[in-house]
Amino acid sequence: MKCIVLILLLIFSTVHNVYSQNSAQLSTDEIFSGFQQNAQNAEEVNAAIYSQYIQAINSDKYTRETKAKLTSLLLIFCEEKGLIALFNKAFNEHKNELIKNSILFQFWGTKALEIGGKYAAMQKASIILLNNSLRNGNNKNTSDAYRLIARAKMHSNQKDSALFYANLALNFAKRSNSKNAVALTFKDLSVIYAHYDMIGKSTSTLLKLNQEADRLRDNYLLCWSNLKIAERSFKVKSISEARTYFRKALNIAEKNNFNSFKVQIYTGLSEIELLEENYNEAKESIAKGYKFINEKEESVFDLELKLTHAKYLINDESFNDANEILNSVLKSYNDISWNQGKGNTHHLIGRSYFYSSQWEKSKRSFQTSKNLLEKSAQSNYRIANYNFLARVYEKLGMYDIAYENLIAYQDLMDNNSSLNSSKAINELTQMYSRELREYRIKEQERVIKDQEKEAELLLLKSEKQMSSIVLIIIILLSTIVIVLFYLRQLKINQNTKEVEMSQTLLRTQMNPHFIFNAMSVIQSSLYENNPSKSSKFLVSFSRLIRLILENSPKEFITLETEIEILEKYLKTQKLRFENRFEYHINAPEDLVFKKVLIPPMITQPFIENAIEHGQLNTIENGNITINFVEKENMLFVEVSDNGIGIQKSREKKSPMSKHKSMAMDITNQRVSIINKKYKSKARISISNLTDEKNSGTCVQIFLPLLTENINFESE
């Protein structure tokens, strides 16, 4: 009996040891990923991860080296999520887990100095780290050391040194065995370029990082790079590019549950809407961002969203609510000693006082912000401080000081090269998209060519015994087929050119027709002797004409551009008829994301008919609705109104009228040409909605579903 018990104990001990060894063999990445997965449904995710980390380092399950790597991963997690308070707590309480005087210990000690804003001490620590890394002979560690020196030089505003050490870091990263060393160096280099307002180079580096992250299949870096490209684009007022890359980043963040990125993305989208004075849309984006904020464990990204919320409230003249948020945010920034955040917050507090005419308080806040941001990167808040101080001193009657601040503001604006970088950013991002498509096409061609070569080799081996006569016959037949194909291709090309010429002629017909009708709007407002209304018309009309002139020569434009043209046209018509009708344009976001194409101004004639002949300006609650959806694998467009309807419009039309609308004929011809060129089944139908209760007209257009073939998921 005793022997049996001893044998069972021995078996149990052996199984336990094997299980413990297998557990210890798990990589630190897998262990930390387990922490995150276990905390996914926790109410306080960050606290749950920290709790599991404490349990791990207090157990005997893992070696000291594993615990050191787990500590490093925890600090990376805190840094990426912007959890500065949690980072400081974790480093101060558990830095000994990093094994004192090790490379890892020195690396995170240097990072902690940077996060704490102790840049002089950071520079000294990074040089010690570099010397130890060089003695160690590890290229990855050496690259990390040079990266930290470059960042220290950046914080000290030593531009040439910062760029020099960043390039040294890149050289060592390329020679290292680490798979992400180059990507991390690109990341820091893009930050350094942005710090010195070199927005073009920063964006170019981010595009390289994008490619590297795509190669590594690193979704975190891919999301970060798209987010930063969006922020750089927004800084130079390239709004279209900013929106595109914010949406790309949001797509990646939603697929990978990157909540901290979602907060940053919605903050960026809110800033765009505030810039364009779309306050309802800004409010919606702010509300979406708040869903991913953890009030008990605020990150710096959460605080930035709250600053944007306060900016919205200031625009809304809700000064008490704005001040309540700003004071709370300022306390949080003071707790983590974040000068950049404190400077931005004091600036917005100054704005709140300024717009509520509290000049002395406003002056103190702007001056405090100016002092805090003096050594920071060239930010909009830093520049705006001088502008607002000039205005405050003017209100206080201190004109000399107002003039000094105004001159300083103008100098900063003149030296702000980012304001002239919009075109360069657009060209870089568009070139990147083209190069990426070309790379994929070439890659596909290479695969096809490799397959063809393999097939040819097999064919040659199997046909060694074939006679020369058979080969000659094959060559002759091939020649005949090629000649026939060539002749047929010539005919197809000729037909295509004829179709394109017809399409161009029809588009040129549409432009004078539209401009004639639009000019009549301006003329009627001038007859009313209303200069203010005429001025609004002319401004709106000039913007509209510019869009039309830019896009009408094109065979197709994006749905987003078509919607923009319609928005401006309908706003012009609303001005003309003194807002006596409403309009709604509906398009699913996925159609915009896909960059669906549509013939320019295909819907405008029907919208014009709805307003002019449907008499929307005379009926009560006039309304016109334009819907764009995907239906039957085609782009379905529906234009409906609640006007008087087709029949009544014909009855009211004067029999002596000489005006003949060419819109329907021209549009039908355009659709016919599209069908011929693309072998589609595009069509138009018009129906009268008039019955006992309702009236109006409904125009339905089916068009081929064409896109620019941009794959957002992979980009």
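Computed quantities for the displayed model
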item: Highest average packing first - 626-634, 188-196, Cβ atoms within 10 Å; result: 188-196, 626-634
item: Stokes-Einstein D for the stretch 527-597, Kirkwood Rh over Cα pairs, 10 °C, 1.306 mPa s (µm²/s); result: 116
item: Neighbour net charge for Q358 - beta-carbon separation under 14 angstrom, K R +1, D E -1; result: +4
item: In the stretch 269-328, trypsin sites (Lys or Arg not before Pro) in a DSSP loop with at most 10 other beta-carbon atoms within 10 Å; result: K291, K296
item: Which listed pairs, of K235/K291; K111/K140; K153/K375, have C-alpha distances above 19 Å, in listed order; result: K235/K291
item: Karplus-derived HN-Hα couplings along the stretch 88-103 (A = 6.51, B = -1.76, C = 1.60, θ = phi - 60°), whole Hz, x at Gly and Pro; result: 4, 5, 5, 5, 5, 8, 10, 5, 5, 5, 6, 6, 4, 6, 7, 4
item: Cross-link pairs K574/K595; K342/K594; K248/K631; K262/K679; K361/K571; K262/K449 - those with Cα-Cα distance over 31 Å; result: K342/K594; K262/K679; K361/K571; K262/K449
item: Distant-in-sequence amide H partners of I585 (H built 1.01 Å from N, under 5 Å); result: I626
item: Packing-based ranking, highest mean first, of 485-491, 222-228 given that Cβ atoms within 10 Å are counted; result: 222-228, 485-491
item: Cut-off under 5 Å, modelled amide H: who pairs with I557 long-range; result: I598
item: Long-range HN-HN contacts of N623 with modeled amide H, under 5 Å; result: E582, N642
item: Packing-based exposure ordering (other Cβ within 10 Å, fewest first) of I585, I31; result: I585, I31
item: Sorted peptide list for 48-60, 69-81, criterion being average Cβ within 10 angstrom, highest first; result: 69-81, 48-60
item: Span per principal axis, largest first, for the Cα atoms of the stretch 97-178 (Å); result: 30, 30, 18
item: Per-pair calculated FRET efficiency, R0 = 60 Å: S478 and M398 via Cβ, rounded to 0.05; result: 0.10
item: Selection of GluC sites (Glu not before Pro), the stretch 532-623, meeting DSSP coil and at most 13 other Cβ within 10 Å; result: E578, E620
item: Calculated FRET efficiency for the pair L471/D316, C-beta based, R₀ 56 Å, to 0.05; result: 0.10
item: FRET efficiency, N371 to E567 (Cβ-Cβ, R0 30 Å, nearest 0.05); result: 0.10
item: Global geometry of the stretch 133-236, whether rounded, prolate or oblate, following the gyration tensor of its Cα atoms and the 1.5 cut on a/c; result: oblate
item: Summed residue charge, Cβ within 14 Å of T71's Cβ, Lys/Arg positive, Asp/Glu negative; result: +2
item: Cβ-placed point charges (K, R +1; D, E -1), dipole of the stretch 589-640 about Cα centre in debye, nearest 20; result: 180
item: For the stretch 65-205, the Rg and Dmax computed from alpha carbons only, in angstrom; result: 14.5, 42
item: For the stretch 574-644, share of DSSP beta bridges that run antiparallel, in % to the nearest 5; result: 55
item: Loop-located GluC sites (Glu not before Pro) in the stretch 239-323, at most 15 other Cβ atoms within 10 Å (DSSP); result: E276, E277, E295, E317
item: Order of T63, T690 under a 10 Å beta carbon neighbour criterion, fewest first; result: T63, T690
item: Dipole magnitude (debye, nearest 20) for the stretch 332-413, charges at Cβ of Lys, Arg, Asp, Glu; result: 220
item: Neighbourhood charge, 10 Å Cβ-Cβ cut-off, centred on N180 and excluding it, Lys, Arg +1 and Asp, Glu -1; result: +1
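Read the figures in this text as sums done on the coordinates, not as results from a lab. Just so you know, these numbers come straight off a predicted model, no measurement behind them. Note that each Cβ is placed from the backbone with ideal geometry, even for glycine, and that neighbours are counted across all protein chains shown.
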